[in-house]
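These notes concern the structure reproduced below.
The values are calculated or read from the model by the stated rules, or taken from the named source; none is laboratory data. Only a predicted model underlies this, so the values are computations on that prediction, with no experimental measurement involved. Quick reminder, even Gly has a Cβ in these numbers, built from the backbone with ideal geometry, and neighbours come from all protein chains shown.
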Amino acid sequence: MPRLLVLFLLASLALANPRVGLHQGFTRMVLDLPQGSHYRLVDREGRLVLELEAALPPAQVRVDSPELLGYRVAGKTVELRLRPGVEVRTFVLEGTTPGTYRLVLDFKKAAAPKARKPDPPRPVVVLDPGHGGPDPGATHVFPGLGLLMEKTITLDVALRVKRILEAKGVRVVLTRATDTDLAPPDEPDLWKRKLADLKKRARMADPKKTLFVSIHVNSAPRPARGVETYYLGRAADPEALRLAVWENGGGEVGRRLTRETETLTDKVLKDLLAQANLSFSEQLAGKIEARLSQAAASPDRGVHSAPLYVLRYARIPAVLVEVGFLNHPQEGRALATPAHRQAVAEGIAEGILQFLSSGAYAFK
Ligand SMILES: [Zn+2]
């Protein structure tokens, strides 16, 4: 065959217009191209264009299939007009005549995204109502009100915080839900009881949870009024140390547990990861302190650090909140009322929710 004729045949094949076929679920376009010639699909400002090495006769074709609206051929380009959400798959087949190959473009609707993304994991908040069972915590007798016990108030407030948080989709775990401590019931030794009790509570601040809030009621030698929130650290002043000794069991037990916690705190402060966690604890403390003081209309006595045993094992942001003074003539009486306890609970819950939604703390 004369060489000129071969060239002419190839050229005429290459110049053929694309063929379009409609199929169930996809539209197929086929082009015959000269063997060895290249093609590429490019995105030109949102329009899909097929670039070729051979020029085709100009054409503007309306296809109107569920996948392809139409295409326009201009020189060496084929501009494709796809419907939204359509994907293109290309592949090549042997040519039907020697010296050619077939380029196939299949247009198909992209697979629908999986029904629904799974819900993001829900935050889990550990609430620790201080004291319980044989350990009443702070106590005070008001004429007409009888004996008020810290353990009763902390449990009631914790249950109220739980209800508020759960209504917001937050999971809540309580260290105790009844009037009990967490020590083995047959342990007679006071020191061992307190140690076992606090250890069990503290161990619940594990990484499977999101944050830990221990709830307590203050009591002072000289009646004071207001709320305080603590995170783990060295006591900066005698007041914080007094509180740590008291909340760590009081008396000799409290002093011993406080010394132990101080030793551990020094170690914690050298650990970078623990430091980061402490910084989150401080932020959580700040949010709870501010919201609680406002909601309970109780003076803001500030955020402090103290060697509190119940916070010592925390691998998540962990704080201890003192919701008021039981032996203050007004505040103590207020803490006996459901209305004030509800206000206290709302303040704590708001602080927690604010912390959970703050950019500072990336909830995973
Ligand atoms: Zn307490």
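Give the residues of region 288-311 that are crowded, with 24+ Cβ neighbours inside 10 Å and in contact with a strand residue (DSSP E or B) (Cβ under 9 Å, 6 or more places away or on another chain), sorted by residue number. Can you show your working first?
Restricting attention to region 288-311, the residues satisfying the condition of being crowded, with 24+ Cβ neighbours inside 10 Å are 288-289, 292, 296, 298, 306-311.
The answer is 288, 289, 292, 296, 298, 306, 307, 308, 310, 311.
Name the helices (runs of 4 or more DSSP H) wholly inside region 248-364 in which the number of residues that are within 19 Å of residue 205 (Cα to Cα) and under 26 Å from the mean Cα position of the chain (by Cα) is 1 or more. Working first, answer last.
Values: elements: 251-268, 272-295, 329-334, 338-357.
Of the helices (runs of 4 or more DSSP H) lying wholly inside region 248-364, those with at least 1 residues that are within 19 Å of residue 205 (Cα to Cα) and under 26 Å from the mean Cα position of the chain (by Cα) span 251-268, 272-295, 338-357.
Take residue 141 and decide whether it is in a strand (DSSP E or B), of a type outside the set (Ser, Thr, Tyr) and without any contact (Cβ under 8 Å) to a residue 12 or more places away in the chain. It would help to see each step written out before you state the result.
Values: in a strand (DSSP E or B): yes; of a type outside the set (Ser, Thr, Tyr): yes; without any contact (Cβ under 8 Å) to a residue 12 or more places away in the chain: yes.
Yes; evaluated as a whole, the condition is true for this residue.
The conditions are (1) more than 16 Å from the ligand (Cβ to nearest atom); (2) at pLDDT 90 or above, and residue 94 fails exactly one of them. Which is it?
Checking residue 94 against (1) more than 16 Å from the ligand (Cβ to nearest atom); (2) at pLDDT 90 or above, the one that fails is (2).
For region 103-122, indicate whether the set of residues that are charged (D, E, K, R) and within 30 Å of residue 320 (Cα to Cα) is non-empty.
Taking region 103-122 and keeping what is charged (D, E, K, R), we get 106, 108-109, 114, 116-117, 119, 122.
Among the residues that remain, those that are also within 30 Å of residue 320 (Cα to Cα) are: 122.
Within region 103-122, one or more residues are charged (D, E, K, R) and within 30 Å of residue 320 (Cα to Cα).
State all residues of region 126-152 that are within 10 Å of the ligand (Cβ to nearest atom) and touching a Pro at 6+ places or on another chain (Cβ under 9 Å); if no residue qualifies, say none.
The answer is 150, 151.
Could you please find all residues in region 56-68 being assigned to a strand (DSSP E or B) and surrounded by 14 or more Cβ atoms within 10 Å (Cβ to Cβ)? Working first, answer last.
So the first thing to find is which residues in region 56-68 are assigned to a strand (DSSP E or B), and the list is 56-62, 68.
Residues satisfying the conditions are 56, 61, 68.
Just one of (1) away from the ligand (no atom under 15 Å from the Cβ); (2) in a loop (DSSP other than H, G, I, E, B) trips up residue 172, so point out which.
(2)
Checking residue 155 against (1) aliphatic (A, V, I, L, M); (2) within 16 Å of the ligand (Cβ to nearest atom); (3) in a strand (DSSP E or B), which test does it fail?
(3)
Residue-by-condition table, conditions (1) in contact with a Ser or Thr (Cβ under 6 Å, 6 or more places away or on another chain); (2) closer than 30 Å to residue 348 by Cα; (3) not small (Gly, Ala, Ser):
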residue: 62; (1), (2), (3): no, no, yes
residue: 65; (1), (2), (3): yes, no, no
residue: 78; (1), (2), (3): no, no, yes
residue: 85; (1), (2), (3): no, no, no
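Give the number of residues within region 213-223 that are over 17 Å from residue 341 (Cα atoms) and within 15 Å of the ligand (Cβ to nearest atom).
Residues of region 213-223 over 17 Å from residue 341 (Cα atoms): 220-223.
Now restrict to residues that are within 15 Å of the ligand (Cβ to nearest atom): 220.
Selection size over region 213-223: 1.
Is region 239-252 home to any residue that is touching a His at 6+ places or on another chain (Cβ under 7 Å), of a type outside the set (Gly, Ala, Ser) and either within 16 Å of the ligand (Cβ to nearest atom) or assigned by TED's automatic domain parsing to the domain that holds residue 153 (or both)?
Keep residues of region 239-252 that are touching a His at 6+ places or on another chain (Cβ under 7 Å), which gives 240, 247.
Filter again for of a type outside the set (Gly, Ala, Ser), leaving 247.
With either within 16 Å of the ligand (Cβ to nearest atom) or assigned by TED's automatic domain parsing to the domain that holds residue 153 (or both) added as a condition, the list becomes 247.
Checked region 239-252: at least one residue is touching a His at 6+ places or on another chain (Cβ under 7 Å), of a type outside the set (Gly, Ala, Ser) and either within 16 Å of the ligand (Cβ to nearest atom) or assigned by TED's automatic domain parsing to the domain that holds residue 153 (or both).
Can you confirm whether region 178-200 contains a residue that is surrounded by fewer than 22 Cβ atoms within 10 Å (Cβ to Cβ), within 16 Å of the ligand (Cβ to nearest atom), under 19 Å from residue 288 (Cβ atoms) and modelled with pLDDT of 95 or more?
no
Here are 229, 263: which of them is farther than 16 Å from residue 150 by Cβ, assigned by TED's automatic domain parsing to the domain that holds residue 292 and out of contact with any strand residue (DSSP E or B) (no Cβ under 9 Å at 6 or more places or on another chain)?
Values: 229 fails: out of contact with any strand residue (DSSP E or B) (no Cβ under 9 Å at 6 or more places or on another chain).
None of the other options fit; the residue is 263.
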